[in-house]
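Trainee: So that we are looking at the same thing, I have put the structure below in C-alpha cells.
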Amino acid sequence: MQAFPLNAVLKIKGLAMPAKCVMVLGTSSGAGKSWLTTALCRWYARQGLKVAPFKAQNMSNNARVVASQNGLGEVGSAQYFQALAAKAEPDVRMNPLLLKPEADTHSQVVLLGEVNNELTNTPWRGRSEKVWPQIAASLDALRAENDVLVIEGAGSPAEINLMANDIVNLRVARHADATCLLVTDIDKGGAFAHLYGTWALLPPDDQARIKGFVLNKFRGDVALLSPAPEMLQELTGVPTLAVLPMWWQHGLPEEDGVFDDRSRSTGVVTQTVAVIAYPRISNLDEFQALKNVLGVRLLWARSPADLAGLQTSDCVILPGSKHTSSDLEWLRQQGLDLTILQHAQKGGAVLGICGGLQMLGEVLIDEFGIDGNALGLGLLPIATQFSAQKTVQRTRAEFLNLHGTWSALSGVKVSGYEIHHGHTKVHSAITFPGDLAHEVMRGLAWQNKAGNVLGTYLHGLFEDPAVLQAMFGMQTVTMETVFEGLADYLEQHMGIATLKSLIQPVS
C-alpha cells in the first residue's frame, strides 16, 4: 500500500513545510532541461507526492490555454506538459512570465496568462524588477500547495552579462532554496568544458547548490567517459549523477516544436505531411502526435525544394504564426507561395491552422498593428480582420459536413484551444461567383469548393483521438504512456536512491 504523503498529513495538521524544490539548470539552450524536468515531475508524482512544475520565464511561441485567476490564460507548452506529467492541473503560475517573439528584437509579454502591453513596451533590463514580485508570489504559492516543485531554468545560469537582471535561474534557485542539477548535451561535444565553465562562473554560494551533473544524449560506450567524470568531481566537488543515452523516440514534444526525422515512428512511409517552417512559427508541439502515426513522415519545409516530389495524397500544413503578415511575406520571398498554390491546384491537401488559416484567405486587415496588413494566398475566399482583444479559450466543437479530401472529418467532435487576434468570415465583395467558402465548423473552420483546402482556428486537432481515428484509422501513443516511459527511463539511468536523495532534507 502506498504511503500517504507526509506533507499532506502536515497540511491537515496545519504544519506543512514549503515544498522541496529540485531545479534543472543547463549549460545552454537545448541541453535537455525541459525533458529532464518532465521526467522528474512524473517520477516524483509516482511516489505519491503532490508535484508541480515551475519556470519563471519562458521564451516560446508554443503556448497552451490553462486556468488563471481571471478564467483562462496562456502558459508555455513545456510547462503545460510538465503539469500533466506531474498529474497536476496546469495553471499560469507554473510559468508566470511568457515571452512570445514577434521579431528578432521584440517579444509580446504575457504575465500570469494575459498580454501586458506596458511590459511589452518596457526595455528588457527594466522589466525584471517589475515582474519579480509576481514571479516570487507564484513560486511561493506553489511551494505552499505541493510536496515537490520541479523547477526548470532557462538557457544557462552562467550568462554573466545577464546575471544582474536574472529572474529565471539563480534568483529563483536562491528564493526556492533549490537543490540543483546541471545538464549538458554531450552529443554536441565539449560537455565537460561546458559543465566546468558553467560551474566556475557561478558565485560560490550558487556553486554549492549544484548537487550533480547530468550528461544527456550520449551515444557510445559509457566506459570511455572515464576519467573525465572523476576529474571533474575533483575540480568541482560535484559528482556526475547520470549519463542519459540518446533517445529519439521518447514521444515528448520538443520545447520549441522542433522535430527530427530520426524521432518519427519506424516503418514504411505512405504519406508525407509537410509543415511550412516560417520564422515566427508557433504551436508546433501540436503536431507531435503525427510523428507517432505509422506510415506518416513529418517534414519541415523552408524552400520549394523541400516540397518537391509531393503527391496529391500528401498534405501541406501552414501552421500558426506569431506575426502573420511578416511570415506571409517570407513565404513569398522563398517562392513557397507558388509551390503551395501548385500543390493545391493539382488537388493536393492543404491545411491552415490559425495564422495559417488567415494566410489561405484573400486579405488581412489590421487597424491595430497586431499582425499586419497583407494580401493572402487566395486559396479560400475569406477575409480576416484583427482586433486588439485576444481570444484565448478552450474549445469543444463539431465538424459539419465536409467533402473531398477532408470528408472523413464530417460529424467529428473535437477538443482544442484558440489563441488569436483575428476574426475571419466569408466576404461577398471578394468572392467569385460560385466560389463560396463552406463553413465546416461554426465560426472556426472553412473549406474550399474543391474540397482539398481546409482552414481552422482550432489548435490541437491532431491531439484529439477522434481526429486521428477519422484521418488515419488509428490512435497514437497517449501522453500518459509517454510520461510513464520518461519516468522509467530516468529511474533506469539515474537510479532510485539518487532521485530520492534530491528531495531529502539536508542533515
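The values are calculated or read from the model by the stated rules, or taken from the named source; none is laboratory data. The model shown is predicted, which means the values in this text are computed figures rather than measured ones. FYI the Cβ positions are ideal-geometry reconstructions off the backbone, even for glycines, and counts take in every protein chain you see. Heavy atoms of the whole protein, side chains included, go into the accessibility calculation; ligands, DNA and RNA do not. Shrake-Rupley method; radii C 1.70, N 1.55, O 1.52, S 1.80 Å.
Trainee: Any chance the stretch 425-442 includes a residue that's open to solvent by less than 60 Å² (accessible area, probe 1.4 Å), within 15 Å of G320 (Cβ to Cβ) and modelled with pLDDT of 95 or more? If you could, list the steps in order and put the result at the bottom.
Mentor: Looking only at the stretch 425-442, we keep the residues that are open to solvent by less than 60 Å² (accessible area, probe 1.4 Å), and these are 426, 430-431, 434-435, 437, 440-441.
Then keep just the ones that are within 15 Å of G320 (Cβ to Cβ); that gives none.
No - not one qualifying residue is present in the stretch 425-442.
Trainee: A further question follows. Quick one: would you say W35 is under 23 Å from Y489 (Cβ atoms), outside any loop (DSSP other than H, G, I, E, B) and modelled with pLDDT under 95?
Mentor: On the way: under 23 Å from Y489 (Cβ atoms): yes; outside any loop (DSSP other than H, G, I, E, B): yes; modelled with pLDDT under 95: yes.
Yes.
Trainee: Taking the conditions exactly as written (more than 14 Å from the chain's Cα centre (by Cα), modelled with pLDDT under 95, more than 25 Å from A158 (Cα to Cα) and polar (S, T, N, Q)), does Q69 satisfy them or not? Full working, then the answer.
Mentor: Working: more than 14 Å from the chain's Cα centre (by Cα): yes; modelled with pLDDT under 95: yes; more than 25 Å from A158 (Cα to Cα): yes; polar (S, T, N, Q): yes.
When the stated conditions are applied, Q69 passes them.
Trainee: What number of residues within the stretch 289-333 satisfy the criterion of being part of a helix (DSSP H, G or I), within 26 Å of H421 (Cα to Cα), in contact with a strand residue (DSSP E or B) (Cβ under 9 Å, 6 or more places away or on another chain) and not charged (D, E, K, R)?
Mentor: Residues flagged as part of a helix (DSSP H, G or I), within 26 Å of H421 (Cα to Cα), in contact with a strand residue (DSSP E or B) (Cβ under 9 Å, 6 or more places away or on another chain) and not charged (D, E, K, R) within the stretch 289-333 amount to 5.
Trainee: Suppose we keep only residues that are in a loop (DSSP other than H, G, I, E, B) and of a type in the set (S, T, N, Q) within the stretch 235-280. Which one would you say is modelled with the highest pLDDT?
Mentor: Taking the stretch 235-280 first, the residues in a loop (DSSP other than H, G, I, E, B) are 237-239, 246-260, 264-270, 277-280.
Those left that are additionally of a type in the set (S, T, N, Q): 249, 265-266, 270.
Details: Q249: 74, S265: 55, T266: 59, T270: 89.
If we take residues in the stretch 235-280 being in a loop (DSSP other than H, G, I, E, B) and of a type in the set (S, T, N, Q), then T270 is modelled with the highest pLDDT.
Trainee: Now for a different question. Just one of (1) surrounded by fewer than 21 Cβ atoms within 10 Å (Cβ to Cβ); (2) at pLDDT 95 or above; (3) in contact with a strand residue (DSSP E or B) (Cβ under 8 Å, 6 or more places away or on another chain) trips up L454, so point out which.
Mentor: (1)
A quick yes/no check of all residues on (1) within 26 Å of the chain's Cα centre (by Cα); (2) assigned to a helix (DSSP H, G or I); (3) under 30 Å from A178 (Cβ atoms):
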position	(1), (2), (3)
V414	yes, no, no
E418	yes, no, no
H421	yes, no, no
K425	no, no, no
K449	no, no, no
L468	yes, yes, no
H493	yes, yes, yes
K500	no, yes, yes
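Trainee: Which residue out of L162, L139 is closer than 27 Å to F213 by Cα, aliphatic (A, V, I, L, M), open to solvent by 10 Å² or more (accessible area, probe 1.4 Å) and out of contact with any Lys or Arg (no Cβ under 7 Å at 6 or more places or on another chain)?
Mentor: Numbers: L139 fails: open to solvent by 10 Å² or more (accessible area, probe 1.4 Å).
Step by step, each of L162, L139 is checked, and only L162 is closer than 27 Å to F213 by Cα, aliphatic (A, V, I, L, M), open to solvent by 10 Å² or more (accessible area, probe 1.4 Å) and out of contact with any Lys or Arg (no Cβ under 7 Å at 6 or more places or on another chain).
Trainee: What residue, of L181, L195, L232, is part of a strand (DSSP E or B) and either open to solvent by less than 50 Å² (accessible area, probe 1.4 Å) or of a type in the set (A, V, I, L, M) (or both)? Reasoning before the result, please.
Mentor: Values: L195 fails: part of a strand (DSSP E or B); L232 fails: part of a strand (DSSP E or B).
Checking each option against the conditions leaves just L181.
Trainee: Next question, about the same structure. For the stretch 396-405, how many residues meet the condition of being among the aliphatic types (A, V, I, L, M), open to solvent by 10 Å² or more (accessible area, probe 1.4 Å) and touching a helix residue (DSSP H, G or I) at 6+ places or on another chain (Cβ under 9 Å)? Steps first, answer last, please.
Mentor: Taking the stretch 396-405 first, the residues among the aliphatic types (A, V, I, L, M) are 397, 400, 402.
Then keep just the ones that are open to solvent by 10 Å² or more (accessible area, probe 1.4 Å); that gives 397, 400.
From what's left, touching a helix residue (DSSP H, G or I) at 6+ places or on another chain (Cβ under 9 Å): none.
Number of matching residues: 0.
Trainee: Here is a further query. Any chance you could count how many residues in the stretch 354-368 are in a strand (DSSP E or B) and surrounded by fewer than 24 Cβ atoms within 10 Å (Cβ to Cβ)? Working first, answer last.
Mentor: So the first thing to find is which residues in the stretch 354-368 are in a strand (DSSP E or B), and the list is 363-366.
Next, from what is left, pick out any that are surrounded by fewer than 24 Cβ atoms within 10 Å (Cβ to Cβ): 363, 365-366.
Adding up the residues that qualify gives 3.
Trainee: Looking only at residues that are open to solvent by 30 Å² or more (accessible area, probe 1.4 Å) and of a type outside the set (A, V, I, L, M) in the stretch 490-506, which one is farthest from W43 (Cα to Cα)? Write out each step before concluding.
Mentor: First pass over the stretch 490-506, keeping only residues open to solvent by 30 Å² or more (accessible area, probe 1.4 Å): 491-493, 496-498, 500-501, 503-506.
With of a type outside the set (A, V, I, L, M) added as a condition, the list becomes 491-493, 498, 500-501, 504-505.
Working: E491: 8, Q492: 11, H493: 13, T498: 12, K500: 10, S501: 13, Q504: 15, P505: 18 Å.
Filtering the stretch 490-506 for residues that are open to solvent by 30 Å² or more (accessible area, probe 1.4 Å) and of a type outside the set (A, V, I, L, M), the one farthest from W43 (Cα to Cα) comes out as P505.
Trainee: Looking only at the stretch 106-127, which residues are touching a helix residue (DSSP H, G or I) at 6+ places or on another chain (Cβ under 7 Å), open to solvent by 20 Å² or more (accessible area, probe 1.4 Å) and hydrophobic (A, V, I, L, M, F, W, C)?
Mentor: L111, L112 - these are the residues of the stretch 106-127 that are touching a helix residue (DSSP H, G or I) at 6+ places or on another chain (Cβ under 7 Å), open to solvent by 20 Å² or more (accessible area, probe 1.4 Å) and hydrophobic (A, V, I, L, M, F, W, C).
Trainee: What about S156, is it of a type in the set (S, T, Y) and outside any loop (DSSP other than H, G, I, E, B)?
Mentor: Values: of a type in the set (S, T, Y): yes; outside any loop (DSSP other than H, G, I, E, B): no.
No.
Trainee: If L336 passes every condition in (1) open to solvent by 20 Å² or more (accessible area, probe 1.4 Å); (2) over 21 Å from A445 (Cβ atoms) but one, which one does it miss?
Mentor: (1)
Trainee: While we're looking at this one, here's another question. Counting only residues that are touching a residue at least 24 places away in the same chain (Cβ under 8 Å) and open to solvent by 20 Å² or more (accessible area, probe 1.4 Å), how many does the stretch 96-105 have? Outline the logic, then answer.
Mentor: Filtering the stretch 96-105 down to residues touching a residue at least 24 places away in the same chain (Cβ under 8 Å) leaves 96-103.
Within this subset, residues satisfying the condition of being open to solvent by 20 Å² or more (accessible area, probe 1.4 Å) are 101-103.
The total comes to 3.
Trainee: Follow-up question, since we're still on this one. Residues in the stretch 369-395 that are of a type in the set (D, E, K, R) and open to solvent by less than 30 Å² (accessible area, probe 1.4 Å): how many?
Mentor: So in the stretch 369-395, the residues of a type in the set (D, E, K, R) come out as 371, 390, 394.
Filter once more, so that each one left must be open to solvent by less than 30 Å² (accessible area, probe 1.4 Å): 371.
Residues flagged as of a type in the set (D, E, K, R) and open to solvent by less than 30 Å² (accessible area, probe 1.4 Å) within the stretch 369-395 amount to 1.
Trainee: Here's another thing I want to ask about it. Of everything in the stretch 76-98, what is under 14 Å from Q134 (Cβ atoms) and either in a strand (DSSP E or B) or among the aliphatic types (A, V, I, L, M) (or both)? Give them in sequence order. Give the steps one after another, and end with the answer.
Mentor: Within the stretch 76-98, the first condition is being under 14 Å from Q134 (Cβ atoms), and the residues that meet it are 91-98.
D91, V92, M94, L97, L98 - these are the residues of the stretch 76-98 that are under 14 Å from Q134 (Cβ atoms) and either in a strand (DSSP E or B) or among the aliphatic types (A, V, I, L, M) (or both).
Trainee: How many residues are under 20 Å from T481 (Cα atoms) and open to solvent by 20 Å² or more (accessible area, probe 1.4 Å) if we restrict to the stretch 285-311?
Mentor: Selection size over the stretch 285-311: 2.
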